[in-house]
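Enquirer: I am attaching a structure below and will ask some questions about it afterwards.
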Amino acid sequence: RTVYVNGEYLPETEAKVSIFDRAFLMADGVYEVTSVLDGKLVDFDGHATRLARSLSELDMPEGPSRDELLEIHRELVRINEVTDGLVYLQITRGAPGDRDFVFPDPATTPPTVVLFTQSKPGLADDPKAKVGLSIVSVDDLRWSRRDIKTVQLLYPSMGKMIAKAQGKDDVWMVEDGHVTEGSSNNAYFIKGNTIVTRPLSNDILHGITRAAVLRFAEEAQMAVEERLFTIAEAQEADEAFITSASAFVMPVVEIDGVALGDGKPGPKAARLREIYLDESR
Ligand code: PDD
């Protein structure tokens with residue numbers, strides 16, 4: 001695989017970053033994951049806009065322009081012949097020559113910019129979409145600026161391991177009795193004709209897929225309620241689902257051992273998935 005590091009396209013085995021990189025030592029970096037369907041980037045603009053916001057919220061320099069980033073994404077997809085898959089992008093506060101809590105001067109420490117592709121043939125036909133996910137709830141122990149897409153992913157990783165240890169697929173995180181989001185996705189339930197999901201705030205990541213799906217909900221003639229909800233409420237729903245750039249719309253069929261409806265993926269989440277994939281191609 002050819003990857004991109006600080007202006008160069010290199011074989012992945014030759015790509016290097018410093019041991020003093022702030023992301024390595026302090027998780028001082030932000031990232032984006034953009035999906036590729038039929039060789040085309042899905043909602044690049046949304047990801048570029050969120051990236052700019054993450055950088056600015058952390059007082060990090062802007063890094064490459066949107067046009068440069070688009071060019072790098074396209075070039076990597078082309079070189080690596082990605083039809084379906086993902087492009088991962090990470091920008092860190094760079095590598096000062098030592099470990100120090102104080103931010104380095106951006107004039108002397110430029111950001112580290114890394115991009116690579118992950119080829120996933122058949123990404124849109126994930127068999128999981130036909131079966132649905134089983135979810136377990138865990139306390140949300142992350143920091144309180146989850147709207148910034150930082151590379152501090154230890155707790156979400158632990159969440160996936162907690163789910164895996166119980167033979168389940170993923171976790172929904174709960175704070176003050178209400179669901180925030182999934183380990184790496186936004187969380188929803190459907191009751192009647194209404195999609196319920198947590199409103200945007202610093203408590204959750206502002207999903208690019210979330211924004212698209214809520215737009216498409218109208219097309220599916222569904223209502224949207226953005227409000228806090230509990231695990232108990234979701235367990236009583238007709239359907240539930242998650243969204244992310246890598247999972248698109250993925251049905252949820254079980255929460256904390258309780259099957260939703262008949263325990264099979266429902267028609268409404270399936271319809272939203274279909275619309276999302278159609279619109280993204
Ligand atoms: N995760 N919430 C969290 C905590 C996330 O990490 C993600 C994305 C989302 C969904 O955002 P979007 O629809 O823009 O992908 C919500 C990516 C896919 C990841 O970490 O791999």
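Enquirer: Would you work out the charge dipole size for the stretch 128-280 about its Cα centre, treating the Cβ of every Lys and Arg as +1 and the Cβ of every Asp and Glu as -1, and quote it to the nearest 20 debye?
Expert: Result for the stretch 128-280 is approximately 480 debye, rounded to the nearest 20.
Enquirer: Convert each backbone phi in the stretch 64-74 into a coupling constant with the Karplus relation 6.51 cos²θ - 1.76 cosθ + 1.60 (shift: θ = phi - 60°), then list the ³J(HN,Hα) values in order as whole Hz, x for Gly and Pro.
Expert: Each residue of the stretch 64-74 in turn: x, 5, 4, 5, 5, 4, 4, 4, 5, 4, 5 Hz.
Enquirer: Past the 25 angstrom mark, what percentage of all C-alpha to C-alpha distances in the stretch 37-148 do you count?
Expert: Roughly 42 percent, once rounded to a whole number.
Enquirer: Let me spell out the model: positive unit charges on the Cβ of Lys and Arg, negative unit charges on the Cβ of Asp and Glu, origin at the Cα centre of the chain. What dipole size does that give, in debye rounded to 20?
Expert: Computed about the Cα centre, the dipole is about 360 debye.
Enquirer: Next question. In what sequence do 36, 174 fall when counting other Cβ within 10 Å, fewest first?
Expert: Final ranking by Cβ density, sparse to dense: 174, 36.
Enquirer: If neighbour count is taken as other Cβ atoms inside 10 Å, put 54, 157 in order from fewest to most.
Expert: Fewest-to-most ranking of 54, 157: 157, 54.
Enquirer: Which chymotrypsin sites (Phe, Trp or Tyr not before Pro) does the stretch 65-154 hold that lie in a coil by DSSP with at most 13 other beta carbons within 10 Å?
Expert: 101, 143
Enquirer: Here's another thing I want to ask about it. Quick one: grab the alpha carbon gyration tensor of the stretch 194-277, order the square roots of its eigenvalues as a ≥ b ≥ c, and give me rounded if a/c is under 1.5, else prolate or oblate depending on whether a/b is larger than b/c.
Expert: Oblate, because a/c is 1.5 or more while a/b does not exceed b/c.
Enquirer: Which is farthest toward the positive dipole end of the stretch 2-121 among 109, 17, 65, measuring Cα position about the Cα centre, with Cβ charges +1 (Lys, Arg) and -1 (Asp, Glu)?
Expert: The listed residue farthest towards the positive side: 17.
Enquirer: Report the full-extension gain for the segment residue 161 to residue 56: residue separation times 0.36 nm, less the Cα-Cα distance, to one decimal in nm.
Expert: Length difference between fully extended and current span is 34.6 nm.
Enquirer: Straight distance only, please: which lysines reach the Cα of residue 191 with their own Cα at less than 18 Å, same-chain residues fewer than 8 apart left out?
Expert: Within reach: 264, 268.
Enquirer: Under 8 Å for C-alpha pairs, at least 6 residues apart: give me the relative contact order for the chain, rounded to a whole percent.
Expert: 18 percent
Enquirer: Continuing with the same structure: Using only DSSP helix segments of four residues or longer, with each worth -39500 (n - 2.57), what per-residue ellipticity at 222 nm results for the chain after dividing by its residue count and rounding to 500?
Expert: -8500 deg cm²/dmol
Enquirer: While we're looking at this one, here's another question. Ordered by residue, what ³J(HN,Hα) values in Hz, to whole numbers, does the stretch 218-234 give under the Karplus form 6.51 cos²θ - 1.76 cosθ + 1.60, where θ = phi - 60° and Gly and Pro are x?
Expert: 4, 4, 7, 6, 10, 8, 10, 10, 9, 7, 5, 8, 9, 4, 4, 5, 5
Enquirer: Calculate the spin-label point distance for residue 233 paired with residue 219, positioning each point 7 Å from the Cα along the beta-carbon direction, and give it in nanometres.
Expert: Placing both labels 7 Å beyond Cα along the Cβ direction yields 2.7 nm.
Enquirer: Order 132-138, 58-64 from most to least packed using the mean count of other Cβ atoms within 10 Å.
Expert: 132-138, 58-64
Enquirer: Further question on the same structure: Is the stretch 130-204 rounded, prolate or oblate when judged by the Cα gyration tensor, a ≥ b ≥ c being the square roots of its eigenvalues, rounded requiring a/c under 1.5 and prolate requiring a/b larger than b/c?
Expert: It comes out oblate by the Cα gyration axes.
Enquirer: Hey, got a sec? Which trypsin sites (Lys or Arg not before Pro) in the stretch 136-241 land in a DSSP loop and have at most 11 other Cβ atoms within 10 Å?
Expert: Filter output for the stretch 136-241: 227.
Enquirer: Could you run the Karplus curve 6.51 cos²θ - 1.76 cosθ + 1.60 with θ = phi - 60° over the stretch 250-266 and give me ³J(HN,Hα) per residue in whole Hz, x for Gly and Pro?
Expert: Once θ is set to phi - 60°, the couplings for the stretch 250-266 become 10, x, 10, 10, 8, 10, 6, x, 9, 6, 8, x, 8, x, 10, x, x Hz.
Enquirer: To the nearest 0.05, how large is the calculated FRET efficiency for residue 131 and residue 88 if R₀ is 22 Å and r is the Cβ-Cβ distance?
Expert: Calculated transfer efficiency: 0.25.
Enquirer: Could you name the aspartates and glutamates whose alpha carbon sits less than 14 Å from that of residue 40, not counting residues in the same chain fewer than 8 places away?
Expert: Counting by Cα, and skipping residues close in sequence, residue 40 has these aspartates and glutamates nearby: 71, 75, 81, 84, 278, 279.
Enquirer: Suppose R0 equals 41 Å. What FRET efficiency, 1/(1 + (r/R0)^6) with r the Cβ-Cβ distance, do residue 98 and residue 147 give to the nearest 0.05?
Expert: With a Förster radius of 41 Å, E is 0.85.
Enquirer: Suppose we keep just the alpha-carbon trace of the chain; what are its Rg and Dmax in angstrom?
Expert: Reported Rg and Dmax, both Å: 19.3, 60.
Enquirer: Still on this structure, please answer the following. Under 17 Å Cα to Cα from residue 164, which lysines show up? Leave out anything in the same chain fewer than 8 places away.
Expert: 128
Enquirer: Order by neighbour count: 243, 209, 194, fewest other Cβ atoms within 10 Å first, most last.
Expert: Going from sparsest to densest Cβ surroundings: 194, 209, 243.
The numbers here are math on the coordinates, done by the rules we state, and not lab data. Everything quoted here is computed from the prediction, not taken from an experiment. Ideal geometry is used to build each Cβ from the backbone, glycine not excepted, and the neighbour counts take in all protein chains shown.
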